[in-house]
1. Scanning region 169-204 for residues that are assigned to a helix (DSSP H, G or I) and in contact with a strand residue (DSSP E or B) (Cβ under 8 Å, 6 or more places away or on another chain), which turns out nearest to Ala118 (Cα to Cα)?
2. What is the residue count in region 21-60 for residues that are of a type in the set (A, V, I, L, M, F, W, C), within 19 Å of the chain's Cα centre (by Cα) and in a helix (DSSP H, G or I)?
3. Of the numbered conditions (1) in contact with a helix residue (DSSP H, G or I) (Cβ under 6 Å, 6 or more places away or on another chain); (2) modelled with pLDDT under 90; (3) over 18 Å from Leu39 (Cβ atoms), Pro172 fails exactly one; give the number of that condition.
4. One residue is enough: does region 72-90 have a residue meeting the conditions under 30 Å from Ala143 (Cβ atoms), within 16 Å of the chain's Cα centre (by Cα) and not in a strand (DSSP E or B)?
5. Looking only at region 152-168, which residues are assigned to a loop (DSSP other than H, G, I, E, B) and at pLDDT 85 or above?
6. Looking at region 294-352, which of its residues are in contact with a Leu (Cβ under 8 Å, 6 or more places away or on another chain), part of a loop (DSSP other than H, G, I, E, B) and at pLDDT below 90?
7. For region 46-60, what are the residues that are in contact with a Leu (Cβ under 8 Å, 6 or more places away or on another chain) and surrounded by 20 or more Cβ atoms within 10 Å (Cβ to Cβ)?
8. Restricting attention to region 140-163, report how many residues are over 15 Å from the mean Cα position of the chain (by Cα) and not hydroxyl-bearing (Ser, Thr, Tyr).
Amino acid sequence: MPEQDDIQAVNELGEAYRAITEQLGQVIVGQQQVIEELLVAMFARGHCLLVGVPGLAKTLLIRTLAETLSLEFRRIQFTPDLMPSDITGTEVIQEDRRSGTREFRFLKGPIFGNVILADEINRTPPKTQAALLEAMQEGQITAGGRRHELAQPFFVLATQNPIEHEGTYPLPEAQLDRFMFNTYVDYPDEDEECDIVRRTTADVTVSVAPTLSGEKILALQRTVRRVPAAEHVVRFAARLTRLTRPGKGSEVRGQGSERGEERGERGEGTKKDVPAFIRDYVSWGAGPRASQYLTLGAKARAVLHGRFHATEDDVREVALPVLRHRIVTNFNAEAEGVKPDDIIRRLMEEHTV
């Protein structure tokens, strides 16, 4: 049974969720699923990759979210000439006027904030993209041989344009895996679009009220970690992840070697367990980090909806944003127009009961 303090914390987080949603609704029209996924990732201490065409208010949403949470917002516009030090900061030589001595002083870059908007992250070369890896994973950056801790809470929201690929640098799988969610931002429906036009073409300025402090967010993040997940929920998340792996050891080892076949039969997702359509359409499946994020996301979603226990339905609700960027499809899928979302939905419908 949960303790009284945990129950109170769950109630506080549920109230905060409603308050944040209400405040965001004054500025953002629709996009309820996107808002929920952002908050789930944030309270689970994860990071988000937002994918959507230009003009869907991704930047406005992120900036408004930071305002409602009383967090420091920093925007980094990624360009082909951006250098890693432009993000993390750099050391400069500074002279002490009193003693006349010179010493290195670290000037912090824009990564030193709470909510970091990495705008069009695929517009910059891999060397600069990689500058985010240590910050996202370790909560620190290293410059001049010294480590610098980042402020907490720390949340990276990266945006990506899915329709323009000229002059871009696709994120490598290792960096994609650092993002808890890959969230799709879709077009609004007709009524929502009319509402957007009315709001943005009128002489009206809307401001939002802060609802949570940084200290409170950290406390609520700890609450999410204390939410129990039953054994069958954990196994459901792990099974869903493992079923995305083709288990073709011969392809991994090359040319069908005996050792490769042996590894394929014993490895993650054996041929007899994995559905045929996974072997047909998937080159590489999701790793163990997906199982972790499915469980954490289920816990965070449960708390946001006022429950102190995660369910299989919570896992299902976060499966698409957790898995879609961790499944690498092959040529067969591309030729037949099969997307990762189609594979995940079919997997949940047919093979995870």
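1. Leu176
2. Residues that pass the stated criteria total 9.
3. Evaluating Pro172 over (1) in contact with a helix residue (DSSP H, G or I) (Cβ under 6 Å, 6 or more places away or on another chain); (2) modelled with pLDDT under 90; (3) over 18 Å from Leu39 (Cβ atoms) leaves (1) as the failure.
4. We begin by selecting, within region 72-90, every residue under 30 Å from Ala143 (Cβ atoms); these are 72-90.
The next check asks that each one be within 16 Å of the chain's Cα centre (by Cα); those that pass are none.
No - not one qualifying residue is present in region 72-90.
5. Taking region 152-168 and keeping what is assigned to a loop (DSSP other than H, G, I, E, B), we get 152-154, 161-168.
The answer is Gln152, Pro153, Phe154.
6. His351, Thr352
7. Our first condition is that a residue be in contact with a Leu (Cβ under 8 Å, 6 or more places away or on another chain); within region 46-60, this holds for 46-50, 58-59.
Passing the criteria: Gly46, His47, Cys48, Leu49, Leu50, Lys58.
8. 15
The values are calculated or read from the model by the stated rules, or taken from the named source; none is laboratory data. All values derive from a computational prediction rather than experimental measurement. Neighbour counts are summed over all protein chains in view; Cβ atoms, including those assigned to glycine, are modelled from backbone coordinates with ideal geometry.
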